[in-house]
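The values are calculated or read from the model by the stated rules, or taken from the named source; none is laboratory data. Just so we're clear, the structure is a prediction, and the values are computed from it rather than from any experiment. FYI the Cβ positions are ideal-geometry reconstructions off the backbone, even for glycines, and counts take in every protein chain you see. Protein only, heavy atoms only, side chains kept; ligands, DNA and RNA dropped before computing areas. Shrake-Rupley method; radii C 1.70, N 1.55, O 1.52, S 1.80 Å.
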Amino acid sequence: MAELATIARPYAEALFKASSASGADLNGTVAWVEELAAIAADPQLRQLADSPKVTVEQVLGVITGVARSALPDAARNFLRVIIENGRLDALPEVAVQFRAIVNRLNGSSDAIVYSAFPVEDAALNEISDALQKRFGRKLNLSVQIDASLIGGVRVVVGDEVLDTSVKARLEQMKAALTA
C-alpha cells in the first residue's frame, strides 16, 4: 500500500491545487473524486482498463457512463490523465489523500460511528456534539451498522477509537474474570 500512497500523493496535491486555483467547491470535488474512486475500485473495470485493445476514450466512456451524475469538465480531464498514465488502480488512494488535504484545510477529521442499530438524526447530532468536544475538532460523521456490537457505539477517528459498545464491555468483563 505504501507504493500506491506514493503514486497517489502527487495526483491528490495537483487536484487540490487545480481546484483551489479555479475556485471550485472543494466539497463538490471530494464528492466526485470519491464517486470515481468507487467506480475505479471495481476489478472488472480494472481488467477492462488493463486490456491493450481498449482505448483511453473507451475506458473514460465506461466510467462516465456508470457515474450517477454528469461529471464536470475538471473531473473528466482529471480522469483522462489518470487513465492515460495507467494509474486507475491508484484512484481510490488519490480520493483518500485528497479528502485528507481538504480536511486539514478545514480543521476537521472523518469519523465513522459503528452502531448496532440505525441512528436517528437527533441522536446523531447529540453524538456529534459530544464527539467534537471529546476530540477537539470538527468531525465529518458517517454511520455504519455493525450488529455484532449488540448495543452502544464504536467511533473511529483516524487512529483513535472510542468503544462504548456492549460487545467491548462484555470482552472487558471476560478479561477481568479470566485474569
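Data table
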quantity: Of all accessible heavy-atom area on the chain, the percent that carbon and sulfur account for (1.4 Å); calculated: 54
quantity: Area of Thr6 that stays accessible when all protein chains are in place (1.4 Å probe, Å², to 10); calculated: 80
quantity: Dipole in debye (nearest 20) - the chain, about Cα centre, beta carbon charges: Lys, Arg +1; Asp, Glu -1; calculated: 240
quantity: Helical contribution to [θ] at 222 nm, DSSP H n ≥ 4, -39,500 (n - 2.57), averaged over the chain, rounded to 500; calculated: -20000 deg cm²/dmol
quantity: Net lengthening on full extension, Phe117/Ala74 (0.36 nm per residue, minus Cα-Cα); calculated: 11.6 nm
quantity: Entry for mean projected area of the Cα convex hull in nm² (calculated from the structure that is shown) out of (1) 10.2; (2) 13.5; (3) 12.0; calculated: (2)
quantity: Cα long-axis angle, helix 91-106 against the chain (0 to 90 degrees, to the nearest 10); calculated: 60
quantity: Two-site FRET efficiency, Arg104 against Thr164, from Cβ-Cβ distance with R₀ of 22 Å, rounded to 0.05; calculated: 0.20
